[in-house]
Every structure is written in structure tokens, then in C-alpha cells.
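Here's the structure, in C-alpha cells; my notes come after.
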Amino acid sequence: MKRTKKNDFDVIIVGAGMVGLTVASLLKDSQLRVALVDRNEDPTINVAEEHDQRKFDARVSALSASSRMIFKQLGVWNLLEEKRHCDFHTMHVWDADGTGSITFSAEDLAVPRLGTIVENSLVIDALMQRLKLKGNVELFCPCSVNSLDEGEDWVTLNTKEHQILRAKLVIAADGANSKIREFSNFRVREWEYNHHAIVATVKTEMPHQMTALQRFMPTGPLAFLPLSSDTGAECKEYSSIVWSAEPSYAKNLINLSDKDFRIELTKHAEARFGEVTDCSSRYLFPLKQRHSVNYSKQRIVLVGDAAHSIHPLAGQGVNLGLLDAEALSNEIRKGLDAGRPVCDPVIMNRYQRARKGHNLGMMALMEGFKRVFAEDTLAIRWLRNFGMSSINDLRPVKNFLARRAMGLDS
């Protein structure tokens, strides 16, 4: 295909998930010519209207206060409020092998909520609605990148659809298995969690009362995240579950009949919301932690899961990615205001300094939680139960941890 000026951009963002769409939205109306590339069809369908009351997206996110502020800045939050979402006000965390527990409360923190559970497809739909308004972002969907060539002045993307796209800077927002990261030979540190995660939507006998649950077991953590049953309705009896377990045990769980799975789930949740009475299709995926040694290389920069992936036990993955998107777009805009080219190493280094330490700190914390709660020796079990109970009684310490997780003191 003949290369034309039309296919030349200042920035190409690869990946139209939540993080990629957020980067594009933050760069909308800048002086840059931006392309957004995704291998899937244009996801502009109004998913909220398509779903019936009991059909939820299996993938949900626990959006923090910092993510909420980013979406408010973009004019997206009001669209999300019109769709299904559920604020949660309380979170109970407890150890299956003892008496240790912590209860986090929005009231204790003097905030209106601890976080908001939203279906991923609804967030993407809201971002797409805003992005498709008149602006400087051009969408290429479906468009799959097969290879890239890094020149002195341009990065050239060769696509399955035989389009050739060029940019001064390519932003990889294409997820944990990033092809852009692979093509560019970024050095990545990764290790297996030895966990697979089961995700599904469940209905329980009793209403969740806007409460999230997290039970730590030797085989892995189980989380219940409250859902709203319909737009504008009170939160009632639906929750999204994320059950992380050792691979062999997770495969046994996924192969159970619906009835037997509900029985096991009720038992392992200690029937906190009563019996699990219904369950959607279940999905299983392996968990692996990755972290790129560097977030940028020449004219390529990584954001979100392309730069770092984390255990879902605290729901921090997407929030870290959205903070990446905000930091990168801020540094790009500041660099442009100072007369720097969009790919200037100074801009990229400032972005990495802004985000790498915070991301590594959260990853280390989650890895520590996983290891401590997987340990089955009597001494460690006693120490973690004592520690949880002690923290629960120390309100300033507990509230500090909660505010960090909410992004209020980051």
C-alpha cells in the first residue's frame, strides 16, 4: 500500500481498552494528531441497554477515588452514573484459618464511598461515546499490528489489514500480553503466581448492602464485589466474584456442575450473604505478575498492563493503569508546552519516575499479601491473625491503608 500523509500521526495508541481509551481521551483536543488502533470491532454499542437485569459483564473493575477524578475530568463519569454501577461503603477482609479480620468503612474515612464497581464494557462504552465527539483522534478498528519498524524519525506499524501507519511516538496499551512490547524487545521481569482466577456473576440469598468481601485462604483469596441490579435501582443481591486458587484446584472448581459450584462458593464465603442461588457462566484465566524494567524505549512507551500486571486481589490493576495514562498525558502536554518533541527522552523519563516507584510498591504489597496468606505454618497463621486484629483496632493505621488503596494519598 502506498504510504500517504493521511497515515502519518504524532501519536499512535495501540489498544482501545480502558487505559488506551483514557490516554486517547486525555490527549483529545491537544495539538497532536492521534490514532487509536484496536484489533476488535468498534465497541460503541450501548451495552447497558443490551443487557437484561441479570446479565452482567463478567469483567468488572473496582474504581478508586483517583480513577473517578480522572473520569470526571474527561466528562465520562456522568455517563457512567447513567449506567449500572455500585458504590461500596464497607469492605470486610478476614482470614479463613483464624479469627483475624479487618473492616474498612467509608464512614470512618469521612468519604461517600470506598470505591465503585463498574462493568468494564460499560466504562469502555462511555469512553468511546466521549472520544467519538469531534476531536483530533482517529480510530482504526479492527486493525491488528503484525510488526513494527523503528526508524530514526518514525515508528512504522504494519497491520494485518495491509494498512501502514507511522507515528513519532507509539503508546502500547495492548494489555499484559502486549505485542508492541514484544516487537520492541522490552526487558520484562515476570513470575508465576501459581494461581488461576475464576470470575463470574452470582446471585445471593441476602442483599449485599453495598459491602465487598475478601476471604483469604491457603489456596488463594476469594472476593465478592457488589453489583447494581439495574440502572438507578438500589443495590441488592448480585455480586461479581473473583476466586483465585492454585491451578489444579481452580480447574476442579471450573469443572463442577452449577449446583456443586454454588455449594462450594457458599461454603467458602461462609455464607456471609446467605446461599448462592444463581451463577453465570464461569471464566478461568491464569495469573502472572510482570513488570517491564523500563517503561519507554526510543519511540515506544508502555502504559497499564503492558508495563505491569498485578494480582487482582485488591482490584488495583486498572487504577494503576489509569494513573499511568494521566501521568503520561500530563508529561506529554508539559513537554509540548516547553517546545519538546512528543517522544523526547526527558518526557519519557519524567513519566517513568512518576509511575514506576508507585507501581512497584503496590506490586510488592500485593505479592507480600499473597505470600503471607498462603503460608500455612502455625506461627505465621498466628502472626497474621494477630496483625489483622491489631490493625483493625488501630483506626489511623487502617484508614491510612484504605486511603492509599483509594488513591487519596498517592
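The values are calculated or read from the model by the stated rules, or taken from the named source; none is laboratory data. The structure displayed is predicted, hence computed values, not measured ones. Methodologically, a virtual Cβ is constructed for each residue, glycine included, from the backbone with ideal geometry; neighbour enumeration extends over all protein chains shown.
Out of the residues in the stretch 48-80 that are outside any strand (DSSP E or B), at pLDDT 85 or above and of a type in the set (S, T, N, Q), which is surrounded by the most Cβ atoms within 10 Å (Cβ to Cβ)? The residue in question is SER67.
For the stretch 181-213, which residues satisfy the criterion of being under 19 Å from the mean Cα position of the chain (by Cα), buried (at least 19 other Cβ atoms within 10 Å of the Cβ) and of a type outside the set (Phe, Trp, Tyr)? ARG181, HIS195, HIS196, ALA197, ILE198, VAL199, ALA200, THR201, ALA212, LEU213, listed by residue number.
Taking the condition of being modelled with pLDDT of 95 or more and outside any helix (DSSP H, G or I), how many residues in the stretch 18-32 meet it?
Step one: list which residues in the stretch 18-32 are modelled with pLDDT of 95 or more, which gives 18-27, 32.
After this cut, where a residue has to be outside any helix (DSSP H, G or I) as well, the list is 32.
The qualifying residues number 1.
Could you list, in sequence order, all residues of the stretch 81-108 that are among the aliphatic types (A, V, I, L, M) and buried (at least 19 other Cβ atoms within 10 Å of the Cβ)?
Of everything in the stretch 81-108, those that are among the aliphatic types (A, V, I, L, M) and buried (at least 19 other Cβ atoms within 10 Å of the Cβ) turn out to be MET91, VAL93, ILE102, ALA106.
On the basis of being in contact (Cβ under 8 Å) with a residue 24 or more places away in the chain, among the charged types (D, E, K, R) and more than 28 Å from GLY151 (Cα to Cα), does ARG333 make the cut? It is false that ARG333 is in contact (Cβ under 8 Å) with a residue 24 or more places away in the chain, among the charged types (D, E, K, R) and more than 28 Å from GLY151 (Cα to Cα).
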